[in-house]
Amino acid sequence: MIENEFNRRDFLKVLGWGGAAVAVSGCGFTSVQDGVENVVSYVEANEYMIPGIGVYFNSTCAQCDAACGITGKVREGRVLKLEGNAASSINRGRLCGLGQAGVQAHYNPDRVTEPRTGKGEKLDWEKALGQVKEKLTGVSGDEIAFLTGNLSGHLKVLLGNYMDALGSKNHFVYDAVAPAVMRASNKKAYGNEMPALRLDKAKVIVSFGADFLGSWVSPVNFSQQYAQFRKGVNNGGRGVLVQIEPKMTLTGANADRWIPANPGTEGVLALGLINALGAAGVSIPSDIAASVSAYGVERVSKDTGVSAEQIQKLAAVLKERSPSLVIAGGGAEGYAHGSQNAAAVALLNQVLGNVGKTVEAPSVVPFPQLAPTAGGTAGLKAFNDGLAAGKFKVVFTLGANPVYSAPAFMKLADNLKKAAFKVALADAIDETAAQADLVLPLDSAMESWGTVVAEYQAGDAHIGIQQPLMERLYDNTRSAGDILLSLVKQQKADDYKAFEDYYAYLRGAVVQAKGSLGGAGMDDDEFWSTVLSSGMVKTGNASSSLRTSASAVTLPAAAVADAAFPLRLLPYVQPSMRDGRHANLPWLQESPDPLTTIVWDSWVEMHPKTAAKLGIVEGDIVEVTSKSGSIKAQAYIFPGIHPDAVSVPFGNGHTELGRYAKGVGANVFQMLDPVFDQETGELAINETHVKVSKTGKRVIVVKEEGAAGGSQAGKKIAGRLASNNVDLSKEV
Amino acid sequence: MRHFLRLSILLIGLFSGSSSFAADTLPPVNTADDLGPQVDQPIEFPHNRHAKDMGINCMYCHTYARRAPVAGIPPLQKCMGCHNGIESVKDKPRIKELFKHWDEKKPIAWKKVHDLPDYVRFNHERHVKRFIVQQDKPVQEVCGYCHGDVKEGTVARRQKPLSMGWCVSCHEKAHPTDKTAQATAQGPNDCWQCHK
């Protein structure tokens with residue numbers, strides 16, 4: 001602690017003089033070094049490698065599932081910086097902060113560098129893979145389970161072949177913050193899980209809790225479409241964005257109007273809008289008109305907390321400005337009736353005639369075997385049920401960290417102990433790898449080969465090629481593909497003996513299909529080098545279509561409030577933290593949250609009125625308690641949230657995952673209540689009810705934002721209201 | 001305590017500041033060569049043999065100087081290109097060492113003797129273009145501005161101060177803009193030219 005006798009002003013004075021002294025002496029001889037560092041020349045130099053000049057390689061980003069194309073700058077054999085690949089139709093030359101941090105995932109000092117046992121003993125690869133083989137002998141296929149994150153491309157094919165060889169059907173796909181409910185409801189409404197959204201063609205967008213500029217599905221693509229939508233490039237004038245969500249996201253902050261409807265009533269509002277549109281003269285099929293007749297403006301206003309005037313205005317805007325686009329996102333889906341909410345929003349799209357105009361049939365890669373298998377929390381539940389029943393003896397995990405992100409009520413960490421042998425394929429010791437009996441260290445995305453097919457294909461369908469941007473940093477890491485290939489060779493040596501490594505397998509597979517990949521007439525080497533230099537293969541589109549017929553939606557009655565837990569917890573998917581797998585990247589911890597500007601911590605966001613009622617001020621350490629658990633974090637008072645809700649971001653609160661993640665913030669996954677979407681079985685993440693109490697401690701919230709009132713260097717720069725006098729829902 | 005601390009830091013700062021300032025005011029271009037310490041290198045490379053006796057152009061080996069910010073140390077391949085065919089010195093210890101590295105495909109870890117701080121961006125290419133291409137000055141003379149009389153030395157050693165004041169002293173002089181022009185211009189003196 002700095003004592004009072006040494007105050008800030010004195011400190012700055014000393015620093016000033018000291019700094020001046022250093023600056024002056026810096027002009028002398030002291031800073032040129034002789035014989036301290038090495039300069040190592042090449043043995044044989046490539047023609048294109050010039051020291052000091054960057055060389056650029058195309059690859060595919062692996063930081064989230066959007067699969068943006070990237071271009072990496074490599075100098076003296078080290079990757080320095082990533083940019084978007086301009087040829088990719090997904091991100092068209094742009095890249096988000098999460099993608100930029102891919103470099104830091106690669107150079108992270110907490111990466112696992114050698115195969116190791118649960119006790120931390122180092123092994124060589126032969127022994128490590130030998131252990132897997134030994135543990136698999138005498139184990140039936142049903143007793144083996146493989147939990148992965150979303151997979152696509154040849155890795156998925158290889159994993160499928162491995163599971164077939166083992167005779168196991170237990171491949172579970174798990175993504176903690178997936179748009180899984182939306183996939184199911186889209187499939188039902190449009191006949192397609194991921195239709196292409198044309199934000200740029202819409203004259204008005206009404207988004208029910210889809211943070212498409214921040215963290216939803218393919219944010220870099222949507223951000224560019226959004227720019228065109230606002231500029232009026234393809235829609236004849238500046239588009240209007242209305243965001244309906246009880247917790248303001250980055251998209252909500254950019255909207256013309258942010259409407260904090262009561263949490264969970266998004267479906268009611270959508271049906272109410274259909275009813276209002278019908279009353280305003282929009283033609284609606286009679287069965288649908290009958291099904292929404294109960295949703296009169298008065299009732300909808302009462303249920304949603306949105307004023308009747310605002311509902312009428314919204315309906316009028318939707319009627320006048322066609323085509324429009326209505327999107328349902330995580331904010332509307334995380335409920336027990338999430339599927340119905342999403343269905344109601346899809347129905348609104350159909351009634352407005354948007355299907356085929358702003359909701360288009362997507363481009364599809366014509367290789368169904370490479371298409372992504374995308375999961376959600378239903379996959380985790382099935383995996384956990386199997387573990388709890390003691391069905392699995394050998395368990396593999398790859399690209400998933402269930403011990404961290406499974407809610408406490410699942411007791412997954414305990415259930416995992418029932419499996420006799422747990423293998424984690426991991427790049428860092430996360431909570432799941434820490435419990436494993438064998439950790440197989442993965443190459444970073446900058447070191448490994450792979451093919452990726454994006455779940456959300458924008459524009460031309462393509463397969464993203466992931467290629468190493470530099471040599472391995474550590475000799476004893478392997479790519480997931482290489483590990484799987486070695487494992488599958490243990491089972492079916494003859495089938496795979498032609499492939500020395502995963503690179504050979506991948507190259508063989510891509511080159512074999514060159515005829516249908518635009519490489520007809522090229523020789524293999526020529527085609528392969530074209531593929532590598534562009535970082536992707538355009539595949540041409542398989543045909544797909546959307547269903548336009550609509551069917552009625554019924555919504556359940558509103559849930560009764562629980563007096564013991566008066567507030568609703570709305571966990572927040574932060575654009576850079578997502579489900580917490582990147583919490584070990586200091587760049588992301590350091591980059592302020594777009595709304596609260598808080599860094600390196602979790603927070604409990606609450607409305608000024610709610611805070612005043614509870615006597616809480618900014619920085620109070622509060623305890624948020626649900627039926628299933630509790631966390632402690634600093635309070636942040638923010639008018640951009642519904643007064644009956646509090647919000648805590650996902651991603652922090654790790655007990656493992658290295659020096660930058662461990663002990664930072666609180667893990668909100670742990671305290672979620674066991675409520676599931678009734679149709680899809682996905683965990684309903686917005687259904688947790690909580691109470692908030694003060695602990696008596698208070699901290700200074702570390703954030704970029706200045707104090708309310710707007711003064712800089714003693715000068716008033718802008719007249720601002722104190723935050724408790726702002727009503728964002730009434731701002732334009 | 002506080003005042004004592006402040007005073008002492010102030011004095012130390014001023015002392016070190018003024019002493020290095022004194023060193024900085026030496027007439028820069030005329031500084032004597034061989035300023036840097038002797039540094040042991042894995043192979044004692046005789047620059048005099050190559051640059052003086054053989055008369056090899058500096059940029060034959062340091063080929064990156066004209067197209068990159070750094071001059072680069074030549075790849076082993078470059079050394080072997082000649083030495084493979086020079087029978088007369090093949091059994092000399094230094095050449096044996098060279099062949100050993102080549103056979104093992106093991107790069108040589110040279111010690112840096114011109115290591116500027118990371119906040120300084122010196123660009124070889126710009127200087128080569130200016131003096132050698134535009135003004136048509138002899139290569140050894142131009143390289144010698146900063147590296148001294150390399151053809152008289154053996155193992156590379158820093159010859160000049162390479163301090164900021166020393167760089168600036170040359171940048172403040174007027175140079176002809178090319179070999180025929182009467183017009184002269186100074187080197188750039190903006191901070192950001194080197195401190196980006």
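With the stretch B:63-159 as the region, which helices (runs of 4 or more DSSP H) entirely inside it contain at least 3 residues that are touching a residue at least 40 places away in the same chain (Cβ under 8 Å)?
By residue number, B:93-104, B:124-128, B:139-147.
When the residues of the stretch A:67-94 are filtered to those that are surrounded by 23 or more Cβ atoms within 10 Å (Cβ to Cβ) and more than 19 Å from A:L473 (Cα to Cα), which remaining residue is nearest to the chain's Cα centre (by Cα)?
The qualifying residue nearest to the chain's Cα centre (by Cα) is A:A67.
Go through the stretch A:122-134 residue by residue and tally those that are under 15 Å from A:A424 (Cα atoms) and assigned to a loop (DSSP other than H, G, I, E, B).
Total satisfying the criteria: 1.
Tell me which residues, restricted to the stretch B:53-82, are more than 7 Å from chain A (Cβ to nearest Cβ) and among the basic types (K, R).
B:R66, B:K78
List every residue pair whose Cβ atoms lie under 6 Å apart, where the two residues are 6 or more positions apart in sequence or sit on different chains, the first residue falls within the stretch A:418-445 and is over 29 Å from A:N58 (Cα atoms), and the second residue, located anywhere, is outside any loop (DSSP other than H, G, I, E, B) and charged (D, E, K, R).
Filtered contacts from the stretch A:418-445: A:F421/A:K135; A:A436/A:K422; A:D437/A:K422; A:V439/A:R116.
When you check B:D118 against the structure, is it surrounded by fewer than 12 Cβ atoms within 10 Å (Cβ to Cβ) and closer than 30 Å to B:S169 by Cβ, yes or no?
Considered against the rule, which asks whether it is surrounded by fewer than 12 Cβ atoms within 10 Å (Cβ to Cβ) and closer than 30 Å to B:S169 by Cβ, B:D118 comes out as yes.
Got a number for residues in the stretch A:505-527 being part of a helix (DSSP H, G or I) and not charged (D, E, K, R)?
11
What is the residue count in the stretch A:148-195 for residues that are small (G, A, S), surrounded by fewer than 22 Cβ atoms within 10 Å (Cβ to Cβ) and not in a loop (DSSP other than H, G, I, E, B)?
Residues that pass the stated criteria total 2.
Just the residues that are under 15 Å from A:F172 (Cβ atoms) and open to solvent by less than 20 Å² (accessible area, probe 1.4 Å), please, taken from the stretch A:398-421.
Residues satisfying the conditions are A:L398, A:A400, A:P402, A:S405, A:A406, A:M410, A:L412, A:N415, A:L416, A:A419.
Scanning the stretch A:113-130 for residues that are among the aliphatic types (A, V, I, L, M) and surrounded by fewer than 22 Cβ atoms within 10 Å (Cβ to Cβ), which turns out farthest from A:A227 (Cα to Cα)?
Among them, the one singled out is A:L123.
Looking at (1) open to solvent by 10 Å² or more (accessible area, probe 1.4 Å); (2) modelled with pLDDT of 95 or more, which is the one condition that is false for A:V668?
Result: A:V668 fails condition (1) only.
Having 2 or more residues that are more than 7 Å from chain B (Cβ to nearest Cβ) is the bar; report the strands (runs of 3 or more DSSP E) wholly within the stretch A:31-77 that clear it.
Ranges flagged: A:55-60, A:69-75.
Could you say whether any residue in the stretch B:83-104 is in contact with a helix residue (DSSP H, G or I) (Cβ under 9 Å, 6 or more places away or on another chain), exposed (fewer than 12 other Cβ atoms within 10 Å of the Cβ) and at the interface with chain A (Cβ under 8 Å from one of its Cβ atoms)?
Scanning the stretch B:83-104, I find no residue that is in contact with a helix residue (DSSP H, G or I) (Cβ under 9 Å, 6 or more places away or on another chain), exposed (fewer than 12 other Cβ atoms within 10 Å of the Cβ) and at the interface with chain A (Cβ under 8 Å from one of its Cβ atoms), so the answer is no.
Please pick out the residue among A:G651, A:G663, A:G629 that is among the small types (G, A, S), within 20 Å of A:R578 (Cα to Cα) and open to solvent by 20 Å² or more (accessible area, probe 1.4 Å).
Checking each option against the conditions leaves just A:G663.
A:L250 passes all but one of (1) out of contact with any helix residue (DSSP H, G or I) (no Cβ under 6 Å at 6 or more places or on another chain); (2) open to solvent by 40 Å² or more (accessible area, probe 1.4 Å); (3) more than 30 Å from A:V646 (Cβ to Cβ); which number fails?
Unmet condition: (3).
If I ask for residues that are at pLDDT 85 or above, open to solvent by less than 80 Å² (accessible area, probe 1.4 Å) and under 19 Å from A:M671 (Cβ atoms), which ones from the stretch A:545-570 would you list?
A:A564, A:F565, A:L567, A:R568, A:L569, A:L570
Go through A:E605, A:E623 for me and flag whichever is over 25 Å from A:Y660 (Cβ atoms) and in contact with a Ser or Thr (Cβ under 6 Å, 6 or more places away or on another chain).
A:E623
Could you go through the stretch B:127-141 and let me know if any residue there is out of contact with any helix residue (DSSP H, G or I) (no Cβ under 9 Å at 6 or more places or on another chain) and within 13 Å of chain A (Cβ to nearest Cβ).
Taking every residue of the stretch B:127-141 in turn, none turns out to be out of contact with any helix residue (DSSP H, G or I) (no Cβ under 9 Å at 6 or more places or on another chain) and within 13 Å of chain A (Cβ to nearest Cβ).
The values are calculated or read from the model by the stated rules, or taken from the named source; none is laboratory data. The model shown is predicted, which means the values in this text are computed figures rather than measured ones. For neighbour counting, all protein chains shown are included, and Cβ atoms are generated from backbone atoms with ideal geometry for every residue, glycine included. Quick note on the areas: whole protein, heavy atoms, side chains included, nothing else; ligands and nucleic acids left out. Shrake-Rupley method; radii C 1.70, N 1.55, O 1.52, S 1.80 Å.
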